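The values are calculated or read from the model by the stated rules, or taken from the named source; none is laboratory data. Nothing here was measured: the structure is a model prediction, and the numbers come from that model. Glycine also receives a Cβ, built like all others from the backbone with ideal geometry; neighbour counts cover every protein chain displayed.
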Amino acid sequence: MWFFSRNAKGWNIEEPFSWPADGGVVSKLIQKSIELRSLGIMAESMNDLDSVGLGENGVKIIFATDHSEFAIKLAPPLTGSASAKGLSFCEGRKQIFFVNDQLRKDISKRLVSFYRKKYLGTLDSLEPLLSSVAARVKGKKLTNRQQIMVLSRAIKEISITNNYGRIRLLNEKILWRGISPEKFIADFSEIFKFVAITRELRVRSFLSPDEYNKSLGYYGLDNPLIKLTMTGLDGEYITRLLIGKRSGNKTFFAKLNDSKEVFKLSKDNVSVLNRRWYKYYQKSISSFGVKDVISLKITREGIQYLYKGTVGDAWQMVLPHTSPADAMALYTGLFSKKRGFGELIALDIVGEVKDDLSSFGLNKPKIIAVCEYKLPAYAKAYIKKNTAKVSIEIGLKFIYKGKPAYYAKLTNGKVVFVVDKEFVDLLKNKY
């Protein structure tokens, strides 16, 4: 039995499970039912309704208001009949009617589409927050980006268990931090993307009636491929989602942990839940002011090149010999925010240092560059130092998204990342 009710927010499925209904489909069902007209009386009365498909197994639709109730049953044309007329039976009346069979098919067909919904609703419990925020900005509609930003800030922890182990990400207000399997500062753009995609996980369809009573093992949910848990700032669960897959089957199945219903899940966005921990690692490698750099040491082909700042903006090469350095070339190149250490952003994170570094050419780096810079006042108080260093090692050259790039890692870092060719070319220059 399917039971639908309507409240101020729209139509909902109440039985056999609780789920928002597609209001458009419900409205079409009602409209088609209104259009259902008698094309004639088949019989004034009949004791054996089962024989014409109008018994217990017939399609029965009950329309109810606050004051009354009206029920009809529908059945296809009689077996062996060449007639294009379906059958209808109104409870409380004795007649069986002929009806337009195409309308009957439309009504019956739509029964299987009520429960199809575009989104899984993993963040539904946070949706009222969006209305609250919109109200505080004088009812102005939030853009999709603003909505994701609000939702991201309302999540305290994300836990993902997938093929690669368990990943835990913690919201510390000013930044997101990875706490398992490694400790690291997370890239907020990746958190943002994760929340956006998770919010739009698509339900392809619910199970067909003959699949309802299968065990969780049938869907691969007794030992799921992916477990996703998100908790709010108050420590309460926002969602607990399980995703499984039957052996030899390409279909993904999912269920919310506190629900009995199993869904067929669209696979479009499942891949974002099955990534390694380092894909959440921050892509910002270094960031400081151009004039904050104190020294730069570059080792390539066994030779060390050491540059140091002197009086004012002047720079000098100290190794392998002493000579004035081109300060302008350093400021606009290696120290700059657009091209160099001033704001070095990895193109991608592609591995961890526990992997075979020889495949990245990082077991024997071609270039090692160490840039020392002055810390701002707030950082000095935090780490009790006046200066800091960023030491980067360059590995093999390869083609990344159609363009030349290099594998790289920080000397004491945890991940292997990608830098563009222009940055490495600057490291190869003499100043």
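One line per residue, one yes/no per condition, for (1) at pLDDT 90 or above; (2) under 24 Å from PRO365 (Cα atoms):
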position: LYS297; (1), (2): yes, yes
position: ARG300; (1), (2): yes, yes
position: TYR305; (1), (2): yes, yes
position: ALA314; (1), (2): no, no
position: LEU319; (1), (2): yes, yes
position: ALA329; (1), (2): no, no
position: SER336; (1), (2): no, yes
position: ASP348; (1), (2): yes, yes
Inset, instruction - Determine which member of the set LYS279, LYS264, LYS291 is in a helix (DSSP H, G or I), under 43 Å from the mean Cα position of the chain (by Cα) and over 23 Å from ARG166 (Cβ atoms). - result: LYS291
Inset, instruction - Kindly check whether there is at least one residue in the stretch 317-329 that is assigned to a loop (DSSP other than H, G, I, E, B) and among the hydrophobic types (A, V, I, L, M, F, W, C). - result: no
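Each row is one residue, and each column tells you yes or no for (1) surrounded by 14 or more Cβ atoms within 10 Å (Cβ to Cβ); (2) over 22 Å from ALA154 (Cβ atoms); (3) modelled with pLDDT of 80 or more.
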{"site": "GLU182", "(1), (2), (3)": "yes, yes, yes"}
{"site": "ILE191", "(1), (2), (3)": "yes, no, yes"}
{"site": "ARG199", "(1), (2), (3)": "yes, no, yes"}
{"site": "ASP210", "(1), (2), (3)": "no, yes, no"}
{"site": "SER215", "(1), (2), (3)": "no, yes, no"}
{"site": "LYS227", "(1), (2), (3)": "yes, no, yes"}
Legend entry - Matching residues, the stretch 267-278, being among the charged types (D, E, K, R), surrounded by fewer than 17 Cβ atoms within 10 Å (Cβ to Cβ) and touching a strand residue (DSSP E or B) at 6+ places or on another chain (Cβ under 8 Å): LYS267, ARG275
Inset, instruction - Tell me which of these ALA346 doesn't satisfy, since it passes every other one: (1) surrounded by 14 or more Cβ atoms within 10 Å (Cβ to Cβ); (2) more than 25 Å from GLU190 (Cβ to Cβ); (3) small (Gly, Ala, Ser). - result: (2)
Inset, instruction - Tally the residues that are surrounded by 14 or more Cβ atoms within 10 Å (Cβ to Cβ) and in a loop (DSSP other than H, G, I, E, B), restricting the search to the stretch 349-365. - result: 5
Inset, instruction - Select from the stretch 392-423 the residues that are surrounded by fewer than 17 Cβ atoms within 10 Å (Cβ to Cβ), out of contact with any Lys or Arg (no Cβ under 6 Å at 6 or more places or on another chain) and without any contact (Cβ under 8 Å) to a residue 60 or more places away in the chain and list them in ascending order. - result: LEU396, LYS397, PHE398, ILE399, LYS401, GLY402, LYS403, THR411, ASN412, LYS421
